[in-house]
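Participant: Here it is, the structure, as structure tokens.
Bear in mind that the values in this text are calculations on the coordinates, not laboratory data. Here the structure is a predicted model, which means the values were calculated and not measured. Using ideal geometry, Cβ is built from the backbone for each residue, glycine included, and neighbour counts are taken over all protein chains shown.
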Amino acid sequence: MPVSTAAPPPALAPGPAEGLCLDFANTRYWRGTPAPTETLHRPADLLGWCEAAGLVDAATIAATRAAWAAQPGLGEVGLAAAIALREAIFAAFAAWAAEGAPPAAAPGAIAAALAAAPARARLRPGQGGFVWEIPREAALLAPVIWAAGDLLAAPRHDRLRQCANPQCLWLFLDDSKAGTRRWCSMTSCGNRAKAHRHYAKTRALAEGAA
Ligand SMILES: [Zn+2]
């Protein structure tokens, strides 16, 4: 029986929304506190996030999971590379949001990741439209890297924001009509700030009346 030398099937990746790179940056949050919340502790956490975010097809996730189970070192390397990429994305877009102006040059780590990422050159029908067909071995975080490049080059980059709660520092794209959204979420940081202002005001009034 001839030994099969067929290459593994390609990975299939839907075109990412630009905000996907910010979603990835926000997998570590409460960054303004002494102990930020980390959600990617183990390689399995990274695969779980990629799966939930629909980055690539289920077969690619399953193949990666199997490869990492067989060789745990691979998963650790993959996780370390993902964290380095995530921190580069966070640093670049947090600086841009704080400055309100683009950096002087494309952030080096993102530029390097883009140069090494698979090209979006082949489309195939899938999931109600088309998906990108890319080599499986480079697929896992390719959509995150593309999204970072797309956001750097996007007309919507003026909607890049960082939550005004100094303990939160969540990155987001402001989709509000007026473009004046300041909080990652009104129900968490927005209300917290409002309650804080209300408390300060009533305390000032009480002290004034005393
Ligand atoms: Zn927030």
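Participant: Enumerate the amide H contacts of Gly126 below 5 Å, restricted to partners 5 or more residues apart or on another chain; note that Pro and chain-start residues carry no placed amide H.
Facilitator: HN-HN under 5 Å from Gly126: Val131.
Participant: Let me ask another. Shape call for the range 19-124 from the C-alpha gyration tensor, a ≥ b ≥ c root eigenvalues: rounded (a/c under 1.5), prolate (a/b greater than b/c) or oblate?
Facilitator: In terms of gyration-tensor shape, oblate.
Participant: Expressed as a whole number of Å, what is the distance separating the alpha-carbon centroids of the range 1-58 and the range 98-177?
Facilitator: 13 Å
Participant: Report the extension gain between Asp158 and Ala81 in nm, rounded to one decimal, defined as 0.36 nm multiplied by the number of residues separating them, less their alpha carbon distance. Could the numbers behind the result be given before it?
Facilitator: On the way: separation 77, 0.36 × 77 = 27.72 nm, distance 2.86 nm.
My answer for the length gained is 24.9 nm.
Participant: Evaluate the charge dipole of the range 1-77 about its Cα centre and quote only its size in Debye, nearest 20, assuming +1 on the Cβ of each Lys and Arg and -1 on the Cβ of each Asp and Glu. Can you show the working numbers first?
Facilitator: On the way: 4 positive and 7 negative charges, 28 e Å.
That gives a dipole near 140 debye.
Participant: Taking each pair of distinct Cα atoms in the range 1-53 once, what is the resulting Kirkwood hydrodynamic radius in Å?
Facilitator: Taking every pair of different Cα atoms in the range 1-53, averaging 1/r and inverting gives 14.2 Å.
Participant: If pairing requires two Cys Cβ atoms under 4.7 Å apart, which cysteines of the chain are left without a partner?
Facilitator: Those would be Cys21, Cys50, Cys189, since no other cysteine Cβ in the chain comes under 4.7 Å of theirs.
Participant: Now a separate question. Would you mind working out the magnitude of the charge dipole of the chain relative to its Cα centre, with +1 at each Lys and Arg C-beta and -1 at each Asp and Glu C-beta, to the nearest 20 Debye?
Facilitator: Values: 20 positive and 16 negative charges, 147 e Å.
Using Cβ point charges on Lys, Arg, Asp and Glu, the chain gives about 700 debye.
Participant: List the DSSP H helices in the chain whose Cα atoms stretch 27 Å or more along the helix axis and whose mean Kyte-Doolittle hydropathy is at least 0.0. Please list the in-between numbers first.
Facilitator: On the way: long enough: 72-99 (40 Å, 1.12).
Span-like helices here: 72-99.
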